[in-house]
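Report on the following structure.
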Amino acid sequence: MTTEVIKIKGADLQTEEMILNLGPQHPSTHGVLRVILKLDGEVIIAAEPEVGYLHRGTEKLAENRTYPQMLVISDRWDYLSAMSNNLVWCLAVEKLLQIKPPEKADHLRVIMVELNRIASHLVFFGTYGIDIGAYTPFLHAFREREKILDLFEEVSGARMTYNYIRIGGVMADLPADWVGKCRSFLEWMKDRFPEYDTLLTGNPIFQDRTKGIGVLSQAQAITYGVTGPNLRGSGINFDLRKDEPYCSYEKFKFDVPTGANGDCWDRYWVRIQEMKESVKIVEQALDGLPAGETNAKVPRILRPPMGETYAQIEAPRGSLGIYTISDANDKPYRVHVRAPSFINLTMLQEILVGQKVSDVVATLGSIDIVLGEVDR
Amino acid sequence: MILPVWTIGQKRAAGVLSGVIAAAVGIALAVGELPVRIAQIWESVLGLAAKKAVPAIVMDIASMVIQCSVIIGFISVAVMFMVWWERKVSAHMQSRLGPMETGGWHGWAQTIADAIKLLLKEDIVPEHASPWVHFLAPVVTFVPAFLCYAALPFGDKTISVDLDVGILYIFAISGISVLGIIMAGWGGGNKYSMLGGLRAAAQSVSYEIPRVLSVVPILMIAGSMKLTAIAAYQSEPVSWLPFLPKWFIFYPFIGQVSFLIFLICSVAETNRTPFDIAEAESELVAGFHTEYSGMKFSFFFLAEYAFVFLSSGMTAALFLGGGSGPLLPSWFWFLIKTFAVVFLFLWFRWTFPRMRVDRLMEFCWKFLLPWSFVNILVTGAWLILR
């Protein structure tokens with residue numbers, strides 16, 4: 001039998017792949033991320049996120065700063081939730097020093113961190129709308145965030161880099177009347193969620209753009225070490241506030257929302273639900289706000305005993321961890337930050353392949369990275 | 001009933017607004033029907049020309065030049081107003097104020113200032129661009145928009161060229177502008193604009209089909225392709241629609257389906273959200289006009305808004321009875337209806353997210369197209385059984 005080879009005319013013709021640099025200057029890379037996309041038409045065949053454009057070397061800087069001085073730098077990692085960064089640094093140093101902050105400080109920390117979580121998720125909600133092409137949610141979200149920033153300004157004097165949570169407690173007690181203002185904000189905030197649902201969540205085009213897009217399976221999520229809402233979006237119930245409580249989180253009742261499919265929609269939905277849970281937590285913390293001191297007794301110069309420690313919290317973007325080594329000096333010997341944004345970003349190269357260019361933005365937005373934290 | 005308590009600012013704003021509306025109505029009533037006025041003025045000009053023994057051909061050319069200038073002037077003013085209006089509408093939807101400074105009252109002069117800025121900007125041609133294509137693209141995009149206005153009736157008989165195939169003409173000419181977008185996408189020498197141009201080409205060509213088909217039932221009922229004839233058909237007295245005017249949008253089933261398909265396709269044709277995939281900011285930076293700045297960019301801008309106004313005007317003429325309406329002159333009614341449709345465009349843009357390319361195509365070919373065929377079938381059956 002002879003095999004007949006039929007030569008089709010033009011069969012050796014090929015289409016060329018196009019390499020598209022998404023970023024570092026692009027409206028929707030949320031900062032200075034660069035994703036090198038290899039395109040076949042509009043379909044992605046390879047994606048490579050390139051980071052480092054915002055590298056400031058904070059881990060190295062820490063080696064030349066005293067422990068309280070490093071607190072200022074921690075504000076600059078994830079600048080959308082600086083309170084969480086403050087908190088994790090303080091927890092790490094307190095662990096080294098074996099200090100226990102007073103109960104009131106714990107409550108204040110929880111209030112601030114949860115308010116900051118709402119603010120951070122609001123930025124996600126707004127910018128995700130813009131990524132998908134809806135411009136209006138952005139300004140609605142920022143209207144609410146503005147109120148949270150006003151509250152923060154009253155307690156800490158700053159709107160972005162708070163430096164409010166200090167080693168051994170917090171900077172200062174709440175100003176008079178702050179609790180009332182915070183309560184009225186929470187009531188107001190509760191009425192906004194239905195508004196968001198009508199504006200974006202319930203929109204069929206939005207659901208069409210997000211459901212089934214950028215699917216991250218449970219196995220992939222665990223392999224890549226993804227944490228936070230991205231992990232819970234894939235259906236894994238893991239939240240450090242529940243599983244490894246810190247700052248008396250065990251006292252508060254709240255649910256951990258999880259998704260089912262691990263697509264962009266689930267990641268979005270989990271964040272919206274988390275905002276509602278955070279409102280609940282802040283309400284409980286305000287209700288049970290104890291009297292007393294806001295600061296533990298902390299020596300003037302901190303020289304933790306020799307040793308190493310790892311502290312982690314559930315930041316808005318995932319598990320934020322600090323690994324510090326102390327050589328009994330007033331400066332840390334080594335600091336490593338486990339930045340959730342950076343680790344979550346790594347999954348991008350796998351889940352982008354096979355999608356369309358417009359889905360890149362939807363997927364990238366749903367991971368909710370902050371480049372300040374990715375590059376540190 | 002409890003009346004709302006208004007602040008001084010709200011009272012002032014309401015006063016100013018009602019004043020503006022009253023002034024507009026007053027001017028409209030004073031001017032009256034435009035064709036009558038224009039005929040009067042033109043007669044006197046012709047009389048003057050006859051005295052000075054100006055050849056007739058000169059006066060014909062002068063007439064054309066004047067009509068062109070009026071259209072260009074109208075487009076520019078309408079676009080400037082629409083841009084300002086869009087900024088105001090979007091601002092109020094987003095709980096902010098929009099332009100408030102330039103010109104004093106609610107930033108009315110903001111667009112004029114922006115236009116002057118765009119005109120004075122340096123014209124930048126990127127290194128990788130092919131200069132001629134880059135230069136011609138905005139022209140090819142804008143000129144069809146301008147040409148289409150010749151056959152658009154601004155009320156009864158207020159039309160520059162009353163073509164027998166008016167609708168066909170507008171569809172055919174406005175279809176050319178997609179060439180300009182492809183040229184812009186290719187000529188810019190930028191990958192983003194190339195993707196934007198390709199998307200725009202696929203989208204415009206696809207949506208043109210259901211858009212034309214959605215008008216077919218109207219042509220079947222009205223029996224004419226003349227836009228003025230269609231508008232006039234809708235202003236006739238009604239026998240079987242006792243409460244409503246005899247506009248096509250009020251025809252049961254046929255009218256609404258046609259209207260919706262036409263509106264959706266018009267939004268898609270003008271590349272506006274939720275169909276703005278050609279210039280999707282969050283994906284393609286600025287799509288096909290990424291590499292354009294200054295005057296050339298403003299031409300794309302002008303063309304986009306000119307097409308928005310054109311589509312709205314066509315919607316008004318085809319579905320909303322053109323210039324028919326009580327008391328006020330027909331051109332004023334036409335403008336009211338047109339801007340009401342323009343408001344729909346703005347409303348869509350500031351509340352909807354963007355669709356994805358493949359879903360967009362699916363929506364066109366698998367949903368809009370079959371339904372427009374069904375609509376034609378139903379209209380045919382109705383016409384036979386009537």
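No value in this document is a laboratory result; all are computed from the given coordinates. Only a predicted model underlies this, so the values are computations on that prediction, with no experimental measurement involved. Backbone-built Cβ (ideal geometry, glycine too); neighbour counts: all protein chains shown.
Summary table
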quantity	calculated
Chain B: DSSP helices with Cα axial extent of at least 18 Å and average Kyte-Doolittle hydropathy no lower than 1.0	B:8-31, B:56-93, B:131-148, B:166-187, B:254-269, B:294-319, B:330-351, B:369-385
Mean residue ellipticity (222 nm) of chain B, computed from DSSP H runs ≥ 4 via -39,500 (n - 2.57), nearest 500	-23000 deg cm²/dmol
J(HN,Hα) series, the range A:353-360, from Karplus relation 6.51 cos²θ - 1.76 cosθ + 1.60, nearest Hz, glycine and proline x	4, x, 9, 9, 4, 5, 7, 4
Degrees separating the helix A:136-156 axis from the principal Cα axis of chain A, which is the longest one	20 degrees
Residue of A:222, A:111, A:148 that the Gaussian network model of chain A assigns the largest fluctuation, springs spanning Cα pairs under 10 Å	A:222
0 to 90° range, to nearest 10: angle between helix A:264-287 axis and chain A longest Cα axis	10 degrees
Peptide B:357-365, shielding by other chains (average Cβ, 10 Å cutoff)	2
Order of A:90, B:68 - criterion: other Cβ atoms within 10 Å of each residue's Cβ, fewest first	B:68, A:90
Principal-axis tilt of helix A:178-196 within chain A, Cα atoms, nearest 10 degrees	20 degrees
Average beta carbon contacts from partner chains per residue of A:352-360, 10 Å cutoff	4
Other protein chain Cβ atoms within 10 Å, averaged over every residue that makes up B:116-125	0
Likely footprinting exposure, A:200, B:369, fewest C-beta neighbours within 10 Å first	B:369, A:200
Residue A:334-residue A:63 pseudo-label distance in nm [points 7 Å out on the Cα-to-Cβ vector]	0.9 nm
Ranked by how many other beta carbons lie within 10 Å on average, peptides B:312-325, B:216-229 from highest	B:312-325, B:216-229
Sorted by Cβ neighbour density within 10 Å, fewest at the top, the residues A:99, B:72, A:118, A:313	B:72, A:99, A:313, A:118
